[in-house]
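Written out below as structure tokens is the structure these notes cover.
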Amino acid sequence: MKTNILYFISMLLLTLNGCFVPEPISPESADPIVREATIAVFDTRIDTSINYTSPTFNIATFRFPSNTNSSGDLPNDQRFLKGNWKFQETNFPLPGYTTTCVFQEPPNSLQAGDILVDSIYIDPNPLLSKAILRFKGKFVRIPKASPTLTENADTLAMLFKNLANDTLRFFTGCDQFEKLGVQYGDVKVGRPYIITANNPTGTPTDYVYPTNWPTIKDIGKVLPPFKRLPAEDMDTYTAEFGLGDVFYYTAENGNNFFVTVSNIRVGVLNPILKRVTFKFAEAYYCSICNPL
């Protein structure tokens, strides 16, 4: 009876913490459950004058699952349902001005899911094709495991299991991955937005960020571009991967995964969409409990 009570208390605490721990937690006791996800290039192009979307229109991203019963999901970013995401702020950055923010795509910090496919480059030699990705969480490349040119679930399960045995035993590898983790991506590509402020009676009539954005006169410091900052980092970052590359990823939900790029391809039917496929499984020993 005492054992059952202790078990119940432990499970209750995990539930209250909002934490998922993959079962079984030991890589020696069972193979990881390898799953698959395929996603196309993110494309928000639309002609609002005739309500015509690009043939390759796609506002889906990929979000990693919170338990082993799921293969994740593909949330649509509804802000881009009608093309560019726009919103306005009044009396900003100066009284009388109306500021309009136009996002052609979301910065990493505001993505709907963990992975957004920025672009794909197809080479006649598949080994030279590249997928340019944007992450919302942290990632670490694993060079010694790359490339892994297989989609065989058993082979990948063994690879992920060996990685767990080799690098994650006693949490030392997890700690190292946490230290090496790169947020968003390792290439900064700039701002995905345009910000303008207009006041027909103002001088000047228009401000454009950052070209001539107003400053605090006393100290010459440029005023912030947003009235309410949506996120701490509003820039865009990317990371390039080839076929068979393997990386460790800490998802937004706090779970950790081994991931390999198993396919980079174009579609068969028009409009010949470009897609990337991932194979992934939880990285046992590396689940982080984040109290609510």
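Rule-based calculations on the coordinates, nothing more; no lab input. Keep in mind that this is a model prediction, so the values were computed, not measured. Glycine gets a Cβ as well: all are built from the backbone with ideal geometry, and neighbour counts include every protein chain shown.
Suppose we filter region 61-71 for residues that are in contact with a Gly (Cβ under 8 Å, 6 or more places away or on another chain) and either in a loop (DSSP other than H, G, I, E, B) or of a type in the set (A, V, I, L, M, F, W, C) (or both); how many remain? Step through it out loud before you land on a result.
Taking region 61-71 and keeping what is in contact with a Gly (Cβ under 8 Å, 6 or more places away or on another chain), we get 61-65.
Still in the running and either in a loop (DSSP other than H, G, I, E, B) or of a type in the set (A, V, I, L, M, F, W, C) (or both): 61-62, 64-65.
Number of matching residues: 4.
Condition check: more than 30 Å from residue 205 (Cα to Cα) and part of a loop (DSSP other than H, G, I, E, B). Does residue 38 satisfy that? Quick ask: steps written out before the conclusion?
Numbers: more than 30 Å from residue 205 (Cα to Cα): yes; part of a loop (DSSP other than H, G, I, E, B): no.
Taking the combined requirement at face value, the residue does not satisfy it.
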What about residue 58, is it loosely packed, with under 14 Cβ neighbours inside 10 Å and either farther than 14 Å from residue 104 by Cα or under 18 Å from the mean Cα position of the chain (by Cα) (or both)? no
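What residue, among those in region 248-263 that are in contact with a helix residue (DSSP H, G or I) (Cβ under 7 Å, 6 or more places away or on another chain) and of a type outside the set (S, T, N, Q), is farthest from residue 179 (Cα to Cα)?
Initial filter on region 248-263 (in contact with a helix residue (DSSP H, G or I) (Cβ under 7 Å, 6 or more places away or on another chain)): 248, 258, 260.
Adding the requirement that they be of a type outside the set (S, T, N, Q) leaves 248, 258.
On the way: 248: 12, 258: 16 Å.
Checking each candidate, the answer is 258.
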I'm checking my understanding of the structure. Among residues of region 73-100 that are without any contact (Cβ under 8 Å) to a residue 40 or more places away in the chain and part of a loop (DSSP other than H, G, I, E, B), which one is surrounded by the fewest Cβ atoms within 10 Å (Cβ to Cβ)? 95
When the residues of region 112-152 are filtered to those that are surrounded by fewer than 19 Cβ atoms within 10 Å (Cβ to Cβ) and of a type in the set (Ser, Thr, Tyr), which remaining residue is farthest from residue 185 (Cα to Cα)? 150
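Wholly within region 191-242, which strands (runs of 3 or more DSSP E) include no fewer than the required count, namely at least 1 residues that are touching a residue at least 12 places away in the same chain (Cβ under 8 Å) and either touching an Asp or Glu at 6+ places or on another chain (Cβ under 8 Å) or of a type in the set (S, T, N, Q) (or both)?
Result: 193-198, 236-242.
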Condition first: without any contact (Cβ under 8 Å) to a residue 40 or more places away in the chain and of a type in the set (Lys, Arg). Can you find one or more residues in region 32-42 that meet it? no
